[in-house]
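Accompanying notes for the structure given below.
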Amino acid sequence: MKSILIQNAQLVNEGKTATADVLIKDGRIAQVGQNLTAEADETIDATGLHLLPGVIDDQVHFREPGLTHKATIGSEARAAVAGGVTSYMEMPNTVPNAVTQELLQDKYNIAAETSLANYSFYMGATNDNLTEVLLTNPNTVCGIKIFMGSSTGNMLVDNAETLEQIFSKAKLPIAVHCEDEQTIRDNMAIYEEKYGEDIPVKCHPEIRSEVACFKSSFMAVKLAEKHNTRLHILHISTEEELKLFRNDIPLEQKRITAEVCVHHLWFDKEDYDTLGTQIKCNPAIKEARHKKALLQGLLEDKLDVIATDHAPHTWDEKQQKYKKAPSGVPLVQHSLQMMLAFVREGKLTLEKVVEKMCHAPAILFNVRERGYIREGYWADLVLVDLNKPYTVSKDNTNYQCGWSPFEGHTFGSTITHTFVSGHLAYINGAFDESRRGERLLFDR
C-alpha cells in the first residue's frame, strides 16, 4: 500500500481545529504534525480543505442477501464512501434474517469481497434464537439487534422472558428499535376506519406515534437498568424520550446511550406535503417541535451519536399508497453534508459534528483504533471543501435504488477525498476499488 502525505489541512479532531499534516503508511496514521518532511509515494495539498476522521455509521440497511433488487453491500458501501462514511454497522433484517452464526458469517463473507468501506454486522434476535445470540463474539461483532416493535419477518421480539434473558446475559451492546406494536396496531385501526386504503402519508406520525415510541423506549431502559445491560436505543424521534437519558457522566461511563438520525433532525411533518412517501420511515418523522428538541438534546449530550438508518427501496416501491409503500430512506451518501449544512447555519459546530459522527460511535461500540486522527490508528479520513457547493442529482447519487429525497438540493460543502484504512478509495467523484475495507474489531 502506498504512503500518502496530506499537507496543510485544517484538521478537526478531539474538539479542536488546527492546521496540520498527516502521513499515512501501511494503512495507518504514521505521523500528525506541522511541516512534516517525510518521504511519501503521493502528496496531497489540502490547503483550504478540512480533514476529519471518517464517519462511523452505526445503523444502516444494505439489503444483502435477499433484497438485492433494492441494494447490495457493494453498492451502498460505495455510496457511503462517497459521503465520507468509512465504517458502517449493518442490520440483520435481510432475507434470510441474520439470526444464526452461520447466516451472520455469510454477510461478513460478502463484505470481504465487495465492501469498499469498513464493516460490521449485527446479530439479530428473535423470540426463539437465544442460544445463537449468546454465541456472538463480542470482539468481532458490533452488537445484538432487537426489534421491540414492528419489523421484518420473524424479528419482532415481544416475549417478555426472551427479553429478560437477552438483557441479562448479553456480553455485547444491545441496539434496539423501540416502538410499541400494540399501540401502532390500535392507531392503524382508527385511521383505516376513517380513510380505508387511502390513508394520507401525513398521518404516519400519528399512527407510529410519540406514545408508541416512549412506551417501548421506557420498557427497554427499565430492562437495562434492572440488568445493568449495555443498551443503545436507535433513532430517537420524540421530545418525550429525551427524559430517559442522562448527560451528567462522561460517555465512556454510560451504560444506556441514544442515537439520533439525520432525517429526524432535518425533516418534519410539513415535509410530507412535498416528499410524501419518500420520507416515510420508522420511527416516523414527526412535528417540528420534535426536530427542535432533538437538536437541543444532541447539543446537551442526552443524544450521543448521529447515524442514518440508511434504508433504500426502489422508486416504484416507494410510489405505492401509504400502507403498501415500505418505510426507509436512502441517506448514507449525504449524512455528513446534511450535518455540515447545520454547521453553516450555526446549529452545530464542526467539532460537535466530528464528536457525534466519528468519536462517539467509536467510544459507544469500543471500536478498535478508529474514529480519531491519532498516530497508530487506522487512516480512516475525509477531506471536505466547506466552500464548494454540491448539487445532488441522479448522476452523482450512488445508491443502487437511484434516487434521493435531496435530488435537486444544493449543499454548501463537497466531499473531495475519502481514505478507508489508508486506501484513497474516493477522490472528486471517482472510486478506486483496488482494495476492500476491513472488518471492524472491538476492544471489549
Label assignment, mean projected area of the Cα convex hull in nm² derived from the structure, set (i) 21.1; (ii) 45.6; (iii) 19.1: (iii)
Cβ crowding within 10 Å averaged over residues, with 339-348, 419-428 ranked highest first: 419-428, 339-348
Checking rank on 135-146, 258-269, 198-209, 74-85, with mean other Cβ inside 10 Å and highest first, the result is 74-85, 258-269, 135-146, 198-209
Please report the antiparallel percentage of the DSSP beta bridges confined to the chain, to the nearest 5. 50
Residues with amide H under 5 Å of His232's amide H, sequence separation 5 or more or different chain, H placed in the peptide plane at 1.01 Å from N; which? Ile174, Ala175, Val176, Thr257
Listed residues Asn127, Asn109, Asn396; largest mean-square fluctuation, Gaussian network over the chain with Cα springs below 10 Å, found at Asn109
Span from the region 411-428 Cα centroid across to the region 19-95 one, whole angstrom: 7
Under 16 Å from a point placed 7 Å out from the Cα of Ala18 along the Cα-to-Cβ direction: which residues of region 347-364 have their backbone N that close? 351
Percent carbon-and-sulfur accessible area, the chain, ignoring ligands, DNA and RNA, probe 1.4 Å: 47
Helix 181-195 versus the longest principal axis of the chain: what angle, 0 to 90°, nearest 10, using Cα atoms? 70
What number comes out for the charge environment of Phe218, summing +1 per Lys or Arg and -1 per Asp or Glu over other residues with Cβ under 11 Å away? -1
In whole angstrom, note down how far apart the Cα centers of region 193-235 and region 293-308 are. 18
Calculate how steeply helix 73-82 sits against the longest principal axis of the alpha-carbon atoms of the chain, using the helix alpha-carbon long axis, and give the answer as 0 to 90 degrees to the nearest 10. 60
If you take every DSSP beta bridge fully contained in region 1-87, what fraction is antiparallel? Give it as a percent rounded to 5. 60
Cα centroid of region 335-398 to Cα centroid of region 120-141, whole Å: 29
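Quick one: compute the contact order of region 309-422, relative version, from alpha carbon pairs under 8 angstrom and 6+ residues apart, as a percent. Don't jump to the answer; show the numbers that get you there.
Working: 153 pairs, mean separation 31.8, N = 114.
Once divided by the residue count of region 309-422, the mean separation gives 28 percent.
Going from most exposed to least, what order do Ser434, Ser217 have by accessible area with a 1.4 Å probe? It would help to have the intermediate numbers written out before the result.
Details: Ser434 90, Ser217 0 Å².
Of Ser434, Ser217, the descending order of accessible area is Ser434, Ser217.
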Alpha-carbon spread of region 6-107, three principal axes, descending order, Å: 52, 24, 24
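Of the peptides 312-319, 358-365, 222-229, 301-308, how do they stack up when ordered by the mean number of other Cβ atoms within 10 Å, highest first?
Working: 312-319: 17.4, 358-365: 24.1, 222-229: 15.6, 301-308: 25.8.
Ranking the peptides 312-319, 358-365, 222-229, 301-308 by packing returns 301-308, 358-365, 312-319, 222-229.
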Report the net charge of residues surrounding Leu5, where surrounding means a beta-carbon distance below 11 angstrom and charges are Lys +1, Arg +1, Asp -1, Glu -1. -3
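The values are calculated or read from the model by the stated rules, or taken from the named source; none is laboratory data. These figures come from a predicted structure and were not determined experimentally. So basically every Cβ, Gly included, is an ideal-geometry build from the backbone, and we count neighbours across all protein chains shown. Keep in mind that these areas ignore ligands, DNA and RNA; they rest on the heavy atoms of the full protein, side chains included. Shrake-Rupley method; radii C 1.70, N 1.55, O 1.52, S 1.80 Å.
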